[in-house]
């Protein structure tokens, strides 16, 4: 999404979502929301389905940028996981499971396409991270890369299970951070555990 006007519009819509709730991001209501430029809404969207697609594309682009900006393929493996989890927890509060639950019910095809794209991207990055962590001595060398990466994805997907973790009751940030720590502790060597604990202490987590 290289169009700056459209990107700004989607960010504004997300702010409306956070401030007023998901019921306020329909095309009809957004046209009359004082935070949104009616001319831009009418220029880029013809229906609610197009808004849903744009929101998911915007999120996917932001998600990819997190990996790109943090040298996920070249730097310290534990630093990567730590930094990415921090960024998501602090800045990606709009990754609300309530949004996914709503769109999963309203537009299941759009939701499934997006979610598959995102899980595939994370799966590939996690495999890279695991291989790098083993090479650096932070992760155990007896790990089954594919199996562990799939295990990480299954945990991530489970965070969006509204039966297990209803959005109105639990914080996505807290569960995501807990998931990352549990994942790291299950794969690190003594060297990796020492490094992880120092990172946590330094960050005062």
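The values are calculated or read from the model by the stated rules, or taken from the named source; none is laboratory data. Model, not experiment: these values are computed from the prediction. Using ideal geometry, Cβ is built from the backbone for each residue, glycine included, and neighbour counts are taken over all protein chains shown.
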Could you list, in sequence order, all residues of the range 25-36 that are under 13 Å from residue 8 (Cα atoms) and surrounded by 16 or more Cβ atoms within 10 Å (Cβ to Cβ)?
36
When the range 44-79 is checked residue by residue, the ones that are more than 28 Å from residue 104 (Cβ to Cβ) and either modelled with pLDDT of 85 or more or outside any helix (DSSP H, G or I) (or both) are 70, 71, 73, 74, 75, 76, 77, 78, 79
Can you name the condition, by its number, that residue 109 falls short on among (1) out of contact with any helix residue (DSSP H, G or I) (no Cβ under 8 Å at 6 or more places or on another chain); (2) over 20 Å from residue 53 (Cα atoms)?
(2)
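Output the residues belonging to the range 10-30 that are in a helix (DSSP H, G or I) and without any contact (Cβ under 8 Å) to a residue 40 or more places away in the chain. Lay out the reasoning, then the answer.
Applying the first criterion (in a helix (DSSP H, G or I)) to the range 10-30 yields 10-20, 22-24, 27-30.
12, 15, 16, 19, 20, 23, 24, 27, 28, 29, 30, listed by residue number.
One line per residue, one yes/no per condition, for (1) at pLDDT 80 or above; (2) at positive phi; (3) in contact with a strand residue (DSSP E or B) (Cβ under 9 Å, 6 or more places away or on another chain):
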{"site": "83", "(1), (2), (3)": "no, no, no"}
{"site": "89", "(1), (2), (3)": "no, no, no"}
{"site": "95", "(1), (2), (3)": "no, no, no"}
{"site": "100", "(1), (2), (3)": "no, no, no"}
{"site": "137", "(1), (2), (3)": "yes, yes, no"}
{"site": "181", "(1), (2), (3)": "yes, no, no"}
So residue 33 fits all but one of (1) at pLDDT 80 or above; (2) assigned to a helix (DSSP H, G or I); what number is the exception?
(2)
Read through the list (1) within 20 Å of the chain's Cα centre (by Cα); (2) farther than 24 Å from residue 109 by Cα; (3) at pLDDT 90 or above; (4) not assigned by TED's automatic domain parsing to the domain that holds residue 138, then give the number of the only condition that residue 19 fails.
(3)
Hey, any hits in the range 113-129 for a residue that's in contact (Cβ under 8 Å) with a residue 40 or more places away in the chain and outside any helix (DSSP H, G or I)?
no
Going through the range 104-129 in order, the residues found to be over 19 Å from the mean Cα position of the chain (by Cα) and surrounded by 15 or more Cβ atoms within 10 Å (Cβ to Cβ) are 107
